[in-house]
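One structure below.
FYI, it's all coordinate maths here, none of it is from the lab. From a predicted model like this one, the values you see are computed outputs, not experimental measurements. No Cβ is skipped: glycine too gets one built from the backbone with ideal geometry, and neighbour counts run over all protein chains shown.
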Amino acid sequence: MGLVFSGSLSAATYTVEIHGNFFSPSQLTIAQGDTVTWVWMASGHSTTRTAQPESWDSGVQSVGHQFSRVFQTVGQFQYVCIPHSPHMNGTITVEAPPKTDTTTTLASSKNPSRVGEEVTFTATVVGAGGTPTGTVTFFDGLSAICTNVTLSGGSALCVKSNLVEGDHSITATYSGDSTFSDSTSAALVQKVTSLPDIPSGFSATAVSASEVMVMWNAAEGATGYEVMRSSGNGVYDALPMTGATSLNDGGRSANTSYLYKVRAIGTSGSSDFTAPDPATTTIFTDPVLAGAVINAIHVTELRTAVNAMRVLAGLGTTTFADDPLTAGTVVNAEHITALRTALDAARNQIPLTPLSYTDTTLSAGVTPVRAIHLLELRVGTQ
């Protein structure tokens, strides 16, 4: 028997030799779409199948003749040599080609969602060498919630607005097609709550030495908001409830850092708190700094604000070199680096998001001190 690959990488051609009283090989297994070629090594024989499907008849031929057939139907096909039937026979077994593996992933349009809110689950099916077709069924636990959804461009959607409160284990199962195998996604835990959303866009900013303005965006499902303020040690005090999306917190002490957070209150409970945001009641000279000459007062005010942040974090104040700075003192890289180190330690202790700095390394006598270096430090305290 010979095996010769055809022009297609996925199809092959097999050779069966016809001898005096037998086919060689008499049993042959091939893949759907493959070709079998019979070659006459002796005269007076045929390869014949009269049953459907895949019937054929070469007729009785002589040495050197060849007869080929492409097999497109999966199954087992018996054939004979008509002059020497039934003892001279053979069987061709045609198997479906192996399918390409797939991966199914699942995403939610909003998680967590609220009771009664519309959520769209998107299943995406990928496989090498093409775009899978077929259908996807979505499950909530063991219960189907969207059945046999047709793939379009490798994706299928399931839209639900009747998920009850609680955690839902959502999966998507792809049915497979003639080319691609089936697959099931990992479970996606969809949280459904009757609670309002966490307010977004939260910020706290000192607007004077005694006032802090706290602001946030309206949260869906909220009937009011609760703002909390901390002066340190992880202890928070509740400020008066408000139905607005801002609050002016007056009566604060000058040159002091405070930590604020807010949560939405709904008819069935409250959201989680936002991440905390600091505000320091140090009012900086030259708020913009663009075009201003950097001088001692700018660094001195930053030292005051950074030490206020350190007190808020429970670290206490630190002593800086060239303290106090006097008029005529040249502001240099060491001054800025020391402020960064002291502020980073405070923010890490609270904890707050680490800051990113322009000119990460300031080299003495090489890197000039610029307005952006001071502005970044100010933002880190505000």
Rel. contact order, % - alpha carbon contacts under 8 angstrom, at least six apart, the chain | 9
Hey, can you rank 28-34, 49-55 by average C-beta count inside 10 Å, highest first?
-> 28-34, 49-55
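Roughly what % of Cα-Cα distances in the range 3-95 sit above 21 Å, to the whole percent?
That tail contains 25 percent of the Cα-Cα pairs.
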In cubic angstrom, how much convex hull volume per residue do the alpha carbon atoms of the chain span?
-> 235
If a helix is a whole DSSP H run, which ones in the chain reach 30 Å or further along their own axis (Cα) and hold a mean Kyte-Doolittle hydropathy of at least -1.0?
-> none
Built amide H within the under 5 Å cut-off of H65, gap 5+ = W40
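Among 344-355, 204-215, how do they line up from the highest to the lowest mean number of other beta-carbon atoms within 10 Å?
Values: 344-355: 15.3, 204-215: 18.0.
Going by the mean number of other Cβ atoms within 10 Å, highest first, we get 204-215, 344-355.
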Separation of alpha-carbon centers, the range 107-181 and the range 191-251, rounded to whole Å | 37
The chain: Lys pairs at Cα distance under 29 angstrom, eight or more positions apart or on different chains = 5
Could you list which residues have their amide H under 5 Å from that of H45, counting only those 5 or more apart in sequence or on another chain, with H placed in the peptide plane?
-> Q61
Evaluate the distance, in nm, between pseudo-label points positioned 7 Å from the Cα of T285 and of T103 along their respective Cα→Cβ axes.
-> 5.9
Farthest towards the positive end of the dipole of the range 296-381, among G365, T353, G380 and with Cβ unit charges of +1 on Lys and Arg and -1 on Asp and Glu, lies the Cα of T353
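Given the -39500 (n - 2.57) contribution per DSSP H run of 4+ residues, what per-residue ellipticity at 222 nm results for the chain, rounded to the nearest 500 deg cm²/dmol? List each step's numbers first, then the result.
Numbers: 3 runs with 45 residues, N = 382.
Computed ellipticity for the chain at 222 nm equals -4000 deg cm²/dmol.
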Note: T318 to V164 extended length (0.36 nm per residue) minus current alpha-carbon separation gives 50.1 nm
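Tell me, what is the FRET efficiency for S181 and S356 to the nearest 0.05, using R0 = 35 angstrom and their Cβ-Cβ distance as r? Each step should come with its number before you reach the end.
Numbers: r = 46 Å, r/R0 = 1.31.
So the FRET efficiency works out to roughly 0.15.
For the range 203-280, just say rounded, prolate or oblate: build the C-alpha gyration tensor, square-root its eigenvalues into a ≥ b ≥ c, call rounded for a/c under 1.5, and beyond that prolate if a/b exceeds b/c, oblate if not.
prolate
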Selected from G224, G251, G44 as most flexible by GNM, with the chain as the system and alpha-carbon contacts under 10 Å | G44
Each residue of the range 200-217 in turn: what ³J(HN,Hα) in whole Hz from Karplus with 6.51, -1.76, 1.60 and θ = phi - 60°, glycine and Pro shown as x?
-> 9, x, 6, 8, 10, 9, 6, 9, 7, 5, 9, 9, 10, 9, 10, 9, 7, 8
Dipole magnitude of the chain, debye to nearest 20 (Cβ charges: Lys/Arg +1, Asp/Glu -1, about Cα centre) = 100
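Translational diffusion coefficient, Stokes-Einstein: compute it for the range 102-193 using the Kirkwood radius over C-alpha pairs as Rh, at 20 °C and 1.002 mPa s, and state it as an integer in µm² s⁻¹.
Numbers: Rh = 13.1 Å.
Approximately 163 µm²/s, per Stokes-Einstein.
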Rg/Rh for the range 296-381, where both radii come from Cα atoms and Rh is the Kirkwood radius = 0.94
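Any chance you could run the full-extension gain for S24 through V379? It's 0.36 nm times the residue separation minus the Cα-Cα distance, nm to one decimal.
On the way: separation 355, 0.36 × 355 = 127.80 nm, distance 8.47 nm.
Roughly 119.3 nm would be gained on extension.
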What ranking do 90-99, 275-284, 317-326 get when scored by the average of other Cβ atoms within 10 Å per residue, highest first?
-> 275-284, 90-99, 317-326
Hey, in the chain, which Cys have no second cysteine's beta-carbon closer than 4.7 Å?
-> C81
